[in-house]
1. Can you tell me how much longer the chain between V565 and L112 gets when fully stretched, taken as 0.36 nm per residue apart minus their C-alpha distance, in nm with one decimal?
2. Can you give the accessible area of L438 in Å² (nearest 10), computed on protein heavy atoms with a 1.4 Å probe?
3. Put +1 on the Cβ of each Lys and Arg and -1 on the Cβ of each Asp and Glu in the stretch 480-610; which of S521, S586, S563 then has its Cα farthest toward the positive end of the dipole?
4. Under a plain spin-label model, where a point goes 7 Å from the Cα along Cα-to-Cβ, how far apart in nm are Y582 and S448?
5. Roughly what percent of Cα-Cα pairs across the stretch 433-492 reach past 14 Å?
6. Can you tell me the FRET efficiency between T400 and A82 if r is taken as the Cβ-Cβ distance and R0 is 60 Å, rounded to the nearest 0.05?
7. Using a 7 Å offset from the Cα along the Cα-to-Cβ direction at both Y354 and T229, what is the distance between the two label points in nm, to one decimal?
8. Give me the aspartates and glutamates in straight-line cross-link reach of K516: C-alpha distance below 13 Å, same-chain residues under 8 apart excluded.
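The values are calculated or read from the model by the stated rules, or taken from the named source; none is laboratory data. Fair warning: this is a prediction, and the values are worked out from it, not measured in the lab. Ideal geometry is used to build each Cβ from the backbone, glycine not excepted, and the neighbour counts take in all protein chains shown. Areas reflect the complete protein model, heavy atoms only, side chains present, ligands, DNA and RNA absent. Shrake-Rupley method; radii C 1.70, N 1.55, O 1.52, S 1.80 Å.
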Amino acid sequence: MLIQKACLLIHHCGKSVYVANLIKQIFLTTRWLPLPPGEAFCDKSPKMKHSYRTCSLLLALWVLCPALAAGQQLEGLGSQQAFSFHGNFSANLIGYNANGIVARGDPFSLMLSANATASFYGISMPFSFRFSNKRADYSQPFNQFGLRPTYKWAKAHIGYSSVNFSNYTMGGHKFLGGGLELNPGKFRFGLVYGRFKKATTAFEQAIDTTSTLTRKGFATKIGIGSEKTFFDLIMLKIKDDSTTVLQPSGQYTPAEENLVTGFNTRIQLSENFSFESEMALSVYTTDVSAVPIENFDSLENRKIYKEAERFMAVNQSTDLLTAIRSSVNYTQKNFNTRLEYRRVDPGYRSMGTYYLNNDIENITIAPGLSLMNRKLNLRGSIGLQRDNLQNTKKATSLRTISSLNASYNPSHIFGIDLNYSNYASNQRAGRVPLIDSLKLFQTTHNLSIMPRLMFSGMKYNHMFMLMVGRMELRDNNVFTSQFTENQALLANFNYNFSLLQHGLSFLIGANYNELKNALVSSEAIGFTFGASKSFLEGKLMLGWNNSYIQTDQDLGKGRVINSSVNSTYQVARNHALRFNLYYINSSNPDGITTQKFNETKGDMTYVFTF
């Protein structure tokens with residue numbers, strides 16, 4: 001039956017009977033495609049064997065069907081360019097000089113670099129090369145090569161790829177292997193198999209390196225529905241090689257195994273209401289060689305453990321963890337809101353994701369409103385959050401998180417944005433009494449206002465922008481507030497004036513920063529000025545930028561002056577010359593850095609694009 005369906009799939013792709021018969025002969029000759037070594041589940045479950053062999057056959061069909069595997073977007077294959085090669089080459093001469101500090105560069109250096117990308121029917125293969133008087137580097141990201149050919153409702157994954165079935169199961173982890181996603185009509189199917197982690201060996205000279213084992217497995221999804229309304233069942237089974245390694249240093253690396261099942265759904269209840277939910281149950285064994293469980297009847301979820309043992313190693317290092325997220329959404333023309341609940345058990349993890357926040361439970365409501373013909377847009381959210389769900393920590397943290405964003409744009413001339421956020425943290429006793437002097441009870445406020453004003457015409461442009469922001473951390477614990485409280489203020493103003501017909505523009509700006517806490521009190525005020533002008537019908541561009549910053553700290557006053565000159569000349573269509581000159585003069589109070597120094601750096605670059 002499977003062979004007949006495979007042949008029908010080939011015919012549907014428009015291929016000949018010869019190709020279908022060829023696939024059939026390959027399948028009958030090999031009987032079953034070989035399974036990867038070290039896959040314990042294949043030995044335990046005939047169903048797993050059949051699922052893997054089915055996936056292997058379908059992948060073979062996809063690879064051997066040239067009309068389907070030739071490019072990324074197969075429906076428009078004929079309109080795509082067969083081959084292209086483009087990139088750039090540059091040669092850069094750099095001069096450097098410093099007084100008052102140790103030189104941070106060579107007096108003279110040369111750098112050659114090239115970047116190129118070859119494309120074949122939409123498949124890109126980038127390369128890069130860099131050479132300097134210190135070393136030469138060659139980069140070829142094409143080592144991680146992946147194809148995702150699509151045709152109507154079908155997509156294949158070949159080589160390096162990633163899929164996202166749900167956030168708590170197969171959630172975007174990269175793998176090396178193959179897979180299929182099929183969505184004919186209301187049917188939804190996905191199956192991937194591959195290597196999720198490559199074995200590595202720790203270096204004795206580097207204390208921050210660890211040994212890892214090769215990690216392989218599969219993830220599958222089957223469901224029904226459309227993009228707006230669907231229900232998917234998901235299963236993931238990934239494990240390390242059953243053999244463990246013993247490094248010369250004596251480090252023991254246990255093999256881990258993970259089985260995750262769950263569902264992901266979205267239901268469009270009406271034109272305005274929708275419901276979303278995803279839930280996952282993860283059975284995670286941190287050491288397949290650990291002491292086995294002698295009596296399952298003593299476990300709280302013994303039925304689940306017994307069922308999981310049919311597919312994986314279950315022992316005293318095995319954890320059973322859950323994660324859930326559900327939301328109700330309401331949307332109309334000028335108003336929308338979302339009510340969301342999320343709960344993730346402490347230590348929850350899945351080998352199909354990279355990182356998940358765990359030991360967390362929160363509920364959030366996030367409304368949005370548009371007024372005055374969408375000239376005024378309001379967005380906000382407020383949420384309650386807690387941790388220590390299993391009461392294993394010394395203290396439980398309670399958090400209130402809120403935010404408000406407002407944007408008012410009455411015309412194309414004027415607009416203003418306002419953003420405010422509040423993050424409050426408190427603690428209560430967990431499994432032990434809470435000491436008042438160590439209790440965390442803090443509130444962080446962030447407020448920013450950004451008005452803007454712009455006048456534009458055929459001959460000129462004026463643009464004024466102001467940004468003012470304030471951050472404050474308040475500590476309500478009288479025992480720690482004198483050490484933790486801090487305040488910061490930031491203000492920045494810029495004015496840009498452009499004469500369009502002359503290719504001339506000016507920039508004037510001012511900024512102010514203030515920081516106060518238990519360790520330091522400082523403020524800085526600065527000014528910026530810049531100008532740019534184009535010549536020779538835009539072929540030559542000159543720019544000049546300057547900044548001055550005056551600092552006032554507990555240790556004394558200081559200043560920093562920056563100035564730069566930039567120029568670009570387009571010699572021909574594919575040839576350009578660039579020249580840049582930078583100057584820094586710094587004078588800082590004693591005890592922070594060198595009292596006074598200056599640096600000069602210049603570089604000249606030739607660029608050829610092809």
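1. Working: separation 453, 0.36 × 453 = 163.08 nm, distance 2.26 nm.
Separation in residues times 0.36 nm, less the Cα-Cα distance, equals 160.8 nm.
2. 130 Å²
3. S563
4. Output for this residue pair reads 2.5 nm.
5. On the way: 1184 of 1770 pairs.
Of all Cα-Cα pairs in the stretch 433-492, 67 percent lie more than 14 Å apart.
6. Result of the calculation: an efficiency of 0.55.
7. Using points 7 Å along Cα→Cβ, the separation is 3.6 nm.
8. Output for K516: E472, E485, D552, D554.
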